[in-house]
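Chemist: Got a structure for you, written out below as structure tokens; questions coming shortly.
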Amino acid sequence: MTANLPSWPYSRYIAHRGGGRLAPENTLAAMRVGAAHGFTMFEYDVKLSSDNVLVLMHDDDVDRTSNGQGPAAAKPYAELAQLDFGGWHSAAYAGEPLPTFAAVARYTVANGIASNVEIKPCPGREAETGRAVALAARQLWQGADTAPLLSSFAEEALAAARKAAPELPRALLVEKVPADWRERLAKYDCVALNINQKDATRELIDAVHAAGYRIAAWTVNDPERARLLLDWGIDGIFTDELAAIRPAA
Ligand code: G3P
Ligand code: MG
């Protein structure tokens, strides 16, 4: 079944934003929690500060995940580095800093953890963010056993990543599976389609495999649903529920 599929040196269990619900998303503290729960692969979101430092952050604005306010796109790294990215989650994580992509690369590589780097550009910075992530990843993972999987909802970012570092594997992220998914995967020379778990069916998984691609689904937080998707042969599930859905010990 997987004979003609692209190589997939990744775990089928992927800790969403590092530590799922258990720790503040997209921080090094989250990754340590993910690792402590036995995960060997993390997904995290990367964007550019106003002065072009790659940092981990999901939203366009810093409000939800820090004690600051306003668009991340307008803030230089020195300003972002002053904010508390952990206190919103719980007192135990108060003061947790925003990590740079470089720091997270060092942590994951040093600990044998694979990465799905979601390119999450600030609006209007799609191509430059895709290019910056790909070039940084090429350098940061030089000599590492497992290359990071780069993914994005932003097709412009994927195109730029491909141009900058064609050798790094890519996945097309989609909110809804488009009718022309085969053409889009081919266009960006992707190895995988990363879908909303609501769209996952046995038929779609089989069709993606038959077309010669891998398929992963986000965000799977129901253990029964996780078991079903894995039984159907899905290549990866992203989860926030690290205690209930995790690799076997
Ligand atoms: O990369 C999978 C998943 O993280 C995509 O959605 O909004 O959680 O970044 P989001
Ligand atoms: Mg994400």
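Chemist: So how do ARG182, ARG125 rank on accessible area, 1.4 Å probe, biggest first, that is with the largest at the start? If you can, show how the numbers build up before the last one.
Modeler: Details: ARG182 110, ARG125 35 Å².
Per-residue accessible area, sorted high to low, gives ARG182, ARG125.
Chemist: If amide H atoms are built 1.01 Å from N in the plane of the peptide, which residues on other chains or at least 5 residues away come under 5 Å of the amide H of MET41?
Modeler: Result for MET41 returns ALA15, ALA114.
Chemist: Provide the packing ranking of 130-137, 58-65, i.e. peptides ordered by the mean count of other C-beta atoms within 10 Å per residue, highest first. Present the calculation step by step, with values, prior to reporting the outcome.
Modeler: Values: 130-137: 23.2, 58-65: 16.6.
Top of the packing list down: 130-137, 58-65.
Chemist: Give me the base-10 log of I(q)/I(0) for region 13-239 at each q in 0.08, 0.17 Å⁻¹, Debye formula, one uniform scatterer per Cα, rounded to two decimals.
Modeler: -0.27, -1.26
Chemist: When we measure straight from the Cα of LYS176, which lysines land under 22 angstrom away, once same-chain ones fewer than 8 places off are left out?
Modeler: Of all the lysines, those that pass the test against LYS176 - Cα under 22 Å, at least 8 places apart if same chain - are LYS120, LYS187, LYS198.
Chemist: A further question on this structure: At 7 Å along Cα-to-Cβ for each site, give me the label-to-label distance between GLN139 and ASP199 in nm.
Modeler: A separation of 3.4 nm, rounded to one decimal place.
Chemist: Looking at the chain, send over the antiparallel percent of its DSSP beta bridges, to the nearest 5.
Modeler: Numbers: 5 of 32 bridges.
DSSP beta bridges in the chain are roughly 15 percent antiparallel.
Chemist: Right, here's the next one. Suppose we take every Cα in region 171-243 and form the convex hull; what volume per residue is that in Å³? Write down the numbers at each step before the final one.
Modeler: Working: hull volume 5.7 nm³, N = 73.
Taking the convex hull of the Cα positions in region 171-243, it is 78 Å³ per residue.
Chemist: Still on this model: Please work out the average accessible area per residue across the chain, using the 1.4 Å probe convention, and give it in Å². Intermediate results must be reported in sequence, preceding the final value.
Modeler: On the way: 10600 Å² over 249 residues.
I get 43 Å² per residue for this part.
Chemist: Here's something else I'd like to know. Using the basic label-point model (7 angstrom from Cα toward the beta carbon), what is the ALA36 to ALA73 distance in nanometres?
Modeler: Taking the simple label geometry, ALA36 and ALA73 are separated by 3.7 nm.
Chemist: Sort ASP222, ASP199 by accessible area with a 1.4 Å probe, largest first.
Modeler: Values: ASP222 80, ASP199 35 Å².
Result of the area sort, largest leading: ASP222, ASP199.
Chemist: Additional query: In terms of modelled amide H atoms, which long-range or inter-chain residues lie less than 5 Å from the amide H of ILE237?
Modeler: Residues meeting the amide H criterion: TYR13, ILE14, ALA217.
Chemist: Expressed as a whole percentage, what fraction of the accessible surface of region 133-201 belongs to carbon and sulfur atoms when a 1.4 Å probe is rolled over the protein heavy atoms?
Modeler: Numbers: 1500 of 3160 Å².
It is 47 percent, rounded to a whole number.
The values are calculated or read from the model by the stated rules, or taken from the named source; none is laboratory data. Note that the structure is a prediction, hence the values are computed from the model and not measured. All Cβ positions, glycine included, derive from the backbone under ideal geometry; neighbour counts span all protein chains shown. Only protein heavy atoms, including side chains, enter the accessible area calculation; ligands, DNA and RNA are left aside. Shrake-Rupley method; radii C 1.70, N 1.55, O 1.52, S 1.80 Å.
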